[in-house]
Amino acid sequence: WTSVSAAGAVAWVAADSTVHTKVGGQEMSSPTRITAVLEKRGDKWLIVQFHHSVPAAGQPEGKA
């Protein structure tokens, strides 16, 4: 799931994601959530806020 919106020189993003890691030779995947706010400065979009979190263990999908 991904949501992207913008108004003028500001944009915001929210998305579900998956982090893939390797610990002690064992590969693992974890569901995560991200949000970010971007601001257009000149000809560049810069991230001015970023948040990354992991859902609570046992939390049903779609229940925040």
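Scanning segment 34-60 for residues that are open to solvent by 60 Å² or more (accessible area, probe 1.4 Å) and within 14 Å of A14 (Cβ to Cβ) yields I47, Q49, F50, H51, H52. So for segment 55-63 (the condition being modelled with pLDDT under 90 and hydrophobic (A, V, I, L, M, F, W, C)), does at least one residue qualify? For segment 55-63, residues modelled with pLDDT under 90 and hydrophobic (A, V, I, L, M, F, W, C): present.
Of all residues in segment 10-33, those that are open to solvent by less than 50 Å² (accessible area, probe 1.4 Å) and either under 25 Å from V48 (Cβ atoms) or modelled with pLDDT of 95 or more (or both) total 6.
The values are calculated or read from the model by the stated rules, or taken from the named source; none is laboratory data. Worth saying up front: this structure is predicted, and the values here are computed from it rather than measured. Positions of Cβ are generated from backbone atoms using ideal geometry, with glycine treated the same way; all protein chains shown enter the neighbour counts. These area figures cover heavy atoms from the full protein model, side chains too; ligands, DNA and RNA do not enter into them. Shrake-Rupley method; radii C 1.70, N 1.55, O 1.52, S 1.80 Å.
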